[in-house]
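Participant: Before we start, here is the structure in question, set down as structure tokens.
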Amino acid sequence: MPKRVKYRKTQRGRIKGNATKCNSIAFGQYGLQSTEPGWISAKQIEAGRVAVAHFLGGEGKLYIRVFPHKPVTAHPAEVRMGKGKGDVEYWAAVVRPGTVMFELAGVSEDIAKQAMARVAHKMPVKTKFVSRGMKL
């Protein structure tokens, strides 16, 4: 989550169009790119990071290109309607189609594919494996 925010709770908003920023590989050689819009929670991002770190065993470098800026609110179970907006449940990163979410450097392509497949299983959106120079 961010260190501090101007407003504690935000509206849901809509995810329209393709990504114009973060849609190509900038740091590594290989990446994981989303092919559909959605929200990725901070726990899912962390689960992907842990999966890659465990698979690579200290070799290579992982870059995480998304950050959970969006507070998502919810009411507890069995609470009556009304009484205002709920408390912040978790933080999420808003992802558009074409956003490169994770990048990997310093490993071969087949190892990178296996590592990114492990991350893709943790993500709530459909993804594809990309290498440097490719776009959506």
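Every number here is computed from the coordinates shown, using simple stated rules; none is lab data. In this text the structure is predicted, and so the values were computed from the model without any measurement. For neighbour counting, all protein chains shown are included, and Cβ atoms are generated from backbone atoms with ideal geometry for every residue, glycine included.
Participant: Considering only DSSP states other than H, G, I, E and B, which chymotrypsin sites (Phe, Trp or Tyr not before Pro) in the range 1-100 qualify as loop sites with at most 10 other Cβ atoms within 10 Å?
Facilitator: Y7
Participant: Scan (1) 14.2, 43; (2) 14.9, 53; (3) 16.6, 55 for the value of Rg and Dmax of the Cα atoms in Å calculated from this model and give just the label.
Facilitator: Label (3) holds the value from this structure.
Participant: Excluding residues fewer than 8 places away in the same chain, name every one of the aspartates and glutamates whose C-alpha is closer than 12 Å to that of K113.
Facilitator: Within reach: E103.
Participant: In the range 74-107, whose amide N lies under 12 Å from the spot 7 Å out along Cα-to-Cβ of F27? List them in ranges.
Facilitator: Within reach of a label on F27: 101-105.
Participant: How much length, in nm to one decimal, is gained on full extension between K83 and A117, taken as 0.36 nm per residue of separation minus their Cα-Cα distance?
Facilitator: So the chain would gain 7.9 nm between K83 and A117.
Participant: Taking Cα atoms, how many degrees apart are the long axis of helix 42-56 and the longest axis of the chain, rounded to 10 and kept between 0 and 90?
Facilitator: Long axis of 42-56 versus the principal axis of the chain: about 20 degrees.
Participant: Work out, step by step, the length gained on full extension between N18 and S131: first 0.36 nm times the residue separation, then minus their alpha carbon distance; give nm to one decimal.
Facilitator: 38.8 nm
Participant: While we're looking at this one, here's another question. Using θ = phi - 60° and the Karplus form 6.51 cos²θ - 1.76 cosθ + 1.60, what ³J(HN,Hα) does each residue of the range 124-131 get, whole Hz, x for Gly and Pro?
Facilitator: x, 10, 6, 9, 9, 7, 10, 10
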